Number of protein chains: 2
Amino acid sequence: MATLSDVARKAVVSKMTVSRVINHPEQVSAELRQLVYKSMKELNYVPNSAAQALVHNRTQVIKLLILEEMDTTEPYYMNLLAGIAIELDQRHYSLQLVTRSSHTIGRCDGLIVTGMRETDYDHIISHLEQPLILFGENKKGYDYVDVDNKKGMQMVTEHILNHGCQKILFYGIEIDEPFMRSRIEGYEETMKMKQLLPQINLMKNSSHIAQFEAEKVLQKNHERIAFVCASDRLGIGVVHAAQRLGLNIPDDVMVTGFDGVFLDRIAQPKLTTIRQPIVEMGKTCAKLLLDKIDQDGMKQGNRIYKPELIIRNSTTT
Amino acid sequence: MATLSDVARKAVVSKMTVSRVINHPEQVSAELRQLVYKSMKELNYVPNSAAQALVHNRTQVIKLLILEEMDTTEPYYMNLLAGIAIELDQRHYSLQLVTRSSHTIGRCDGLIVTGMRETDYDHIISHLEQPLILFGENKKGYDYVDVDNKKGMQMVTEHILNHGCQKILFYGIEIDEPFMRSRIEGYEETMKMKQLLPQINLMKNSSHIAQFEAEKVLQKNHERIAFVCASDRLGIGVVHAAQRLGLNIPDDVMVTGFDGVFLDRIAQPKLTTIRQPIVEMGKTCAKLLLDKIDQDGMKQGNRIYKPELIIRNSTTT
DNA sequence: TTGTAGGCGTTATCAA
DNA sequence: TTGATAACGCCTACAA
């Protein structure tokens, strides 16, 4: 692999001139600049990032801290990761995955944190000195990236109402975190606005639990009913329940999910859902973080994505 | 962050002694060694890997080259990645994700390659000079990690035969790669051994396509029938087909999947499947690769995992 | 067994 | 505008 010196020798200039052409090209005369570019190309020069990291006291490593259990890891994450990785690669950073079990965080230039619970702030997050970006809304003032959860749930609830169903149950995940509270709010407010009674049922994020719960409800129910779910996984469970009882989707039972990553398409019928642009959001996490690092840890604010309603056969024919 | 010099100063020894305690502890007297350990602990010393990388002409970066389309990315990958990441972190390497679209591979110490097609050998793989490990069997002599695909399909086919069903169809993925050929072989040989007619149907790895195909078959069929599928995704499609036609699983129709990552548990009923220990396999990929790097690219051979038959309600009650 | 000198590839600083 | 020098943190080679 060619080094700065190789390029310098070939162009018959000093190493510094080459370095300048790379970092402050405007400080170099056009003539030499062209000469250096030519040599770089010929030698196929790529800067050695270890050396750069050393001078700048950087690691060029970003850690992704996944605080959710591996068990609950949904397809979801792969997309987040893909987004993050694409952006990091472009800016010559690399990635390390850290889970709750890794006891020590180790060296890095910054962190992206996801799957965080309330208690993690004190135990983990507040001890970190590196810049960080959270994936998922929070009320503690940390910079974050998320979709507008409340708006999403409003959209999907209104969609059901517009299709002539007034009995709407909410199936959510039993977890006291902001993203969940926002989704509940979105549902609740929409229902109250129409003078309808919100019915909220929280459970573990498992398709089998959702199925079990929904079967109980459907056995007693005799009118048209809808389940708006806070995840596609719960949505799939409800679909199974309806099918087991021989009910028609969407005529007897309407079902919606949330996420729009993979599972919505696996369901049969496919799920109406709120799609989160996860890959995009991953890229944004990385972008924000790298900018934050470049700006010496300055606050970057939040990035809140507009949710997208994907209408499928679980609510319409 | 503390450096070698800091530790040396604190322990009142030279930098070299500290370096030796880390890399060749046996060359240092017990007395000094303890002193140095103590100082390291007190200063919370962690070696600067950029500096190490620089001296050793390493990058400390491993790339994971994912040649499959993002679209077909299954939950599967997250587990592979998790395994790889755990091992890399322990050995102070970091990771970069590269997809087909990244035009240049860039600097790294080694690669793990997955989702490769026949044509990629010439176009991509053969141009790489870094050590590499493939995830997935191949006949070109590259070191790889995989599950015994043939054995897995034999196990699951025999399982069906033992449960009194002789009409067994194979649903596979329409892709001419070794892993698929092995799974087909496993099915074919088991059937032939019992003098039964193998029936092989290849299609895109999509639950909806599998459902479509299975419905066609089931409409004409009037005996007990089983579908052994080459992925859980196909298996889910067959389950949907049976349900749409009001058939009972497993009494009328038996279904099996392959992979045992996430989707098998989402299905209702849960799928009998061949579980691949993906996290473990990911760790092994990383381990093999790092060893290969340490041994200057020496051939490491293959690691073939025993498949595990997970019996669930899609074949038994 | 321990320490000194030099170098890995890059960049900031200062001098020309 | 350009170049020489020193420094980043660590390790190899050699010397004591």
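Filtered by the rule that a residue be surrounded by fewer than 23 Cβ atoms within 10 Å (Cβ to Cβ), closer than 18 Å to B:Ala53 by Cβ and of a type outside the set (D, E, K, R), the stretch B:83-98 gives B:Gln90, B:His92. Among the numbered conditions (1) surrounded by fewer than 23 Cβ atoms within 10 Å (Cβ to Cβ); (2) closer than 25 Å to A:Asn79 by Cβ; (3) touching a Gly at 6+ places or on another chain (Cβ under 6 Å); (4) of a type in the set (S, T, N, Q), the only one that A:Ser207 does not meet is (1). Only residues that are surrounded by 15 or more Cβ atoms within 10 Å (Cβ to Cβ), closer than 30 Å to B:Ile168 by Cα and basic (Lys, Arg) were counted in the stretch B:99-156, giving 2.
Any chance the stretch B:274-282 includes a residue that's touching a Lys or Arg at 6+ places or on another chain (Cβ under 6 Å) and part of a helix (DSSP H, G or I)? No, the conditions are met nowhere in the stretch B:274-282. Taken over the stretch B:14-48, the residue count meeting the criterion of being near DNA strand C (Cβ under 10 Å from one of its atoms), over 25 Å from B:Leu88 (Cβ atoms) and among the small types (Gly, Ala, Ser) is 3. On inspection, B:Gly260 does not qualify as within 13 Å of chain A (Cβ to nearest Cβ), under 29 Å from B:Lys140 (Cβ atoms), crowded, with 20+ Cβ neighbours inside 10 Å and not β-branched (Val, Ile, Thr). Looking only at the stretch B:179-187, decide whether some residue is under 16 Å from B:Met254 (Cα atoms) and at pLDDT 95 or above. Within the stretch B:179-187, one or more residues are under 16 Å from B:Met254 (Cα atoms) and at pLDDT 95 or above. Among the numbered conditions (1) away from every other protein chain (no Cβ under 11 Å); (2) part of a helix (DSSP H, G or I); (3) touching a helix residue (DSSP H, G or I) at 6+ places or on another chain (Cβ under 6 Å), the only one that A:Ile133 does not meet is (2). The condition (being more than 16 Å from DNA strand D (Cβ to nearest atom), free of Cβ contacts under 8 Å to residues at least 60 places away in the same chain and among the polar types (S, T, N, Q)) is satisfied by just one residue among B:Gln52, B:Gln90, B:Gln27: B:Gln90. Residue under question is B:Lys151, and the condition is that it be basic (Lys, Arg), touching a residue at least 24 places away in the same chain (Cβ under 8 Å) and outside any helix (DSSP H, G or I); does it hold? Answer is no for this residue. In the stretch B:99-106 there is at least one residue matching the filter, namely being part of a strand (DSSP E or B), at pLDDT below 95 and not acidic (Asp, Glu). If you go through the stretch B:54-78 and keep only what is within 8 Å of another protein chain (Cβ to nearest Cβ) and closer than 26 Å to A:Gly260 by Cα, you end up with B:Met70, B:Thr73, B:Glu74, B:Pro75, B:Tyr77, B:Met78.
For the stretch A:216-244, residues that are away from chain B (no Cβ under 12 Å) and among the aliphatic types (A, V, I, L, M) total 6. From the list A:Val46, A:Val18, A:Val7, the lone residue that is under 30 Å from B:Glu69 (Cβ atoms), more than 19 Å from the chain's Cα centre (by Cα) and either exposed (fewer than 15 other Cβ atoms within 10 Å of the Cβ) or at pLDDT 95 or above (or both) is A:Val46. Screening the candidates A:Met70, A:Met40, A:Met1 for the property of being modelled with pLDDT of 95 or more and among the hydrophobic types (A, V, I, L, M, F, W, C) yields one hit, A:Met40. Residues considered: B:Ala11, B:Ala85, B:Ala51. Of these, the only one that is in contact with a Leu (Cβ under 8 Å, 6 or more places away or on another chain), within 13 Å of DNA strand C (Cβ to nearest atom) and at the interface with chain A (Cβ under 10 Å from one of its Cβ atoms) is B:Ala51.
The values are calculated or read from the model by the stated rules, or taken from the named source; none is laboratory data. All values derive from a computational prediction rather than experimental measurement. Every residue, glycine as well, gets a Cβ built from its backbone with ideal geometry; the counts of neighbours run over all protein chains shown.
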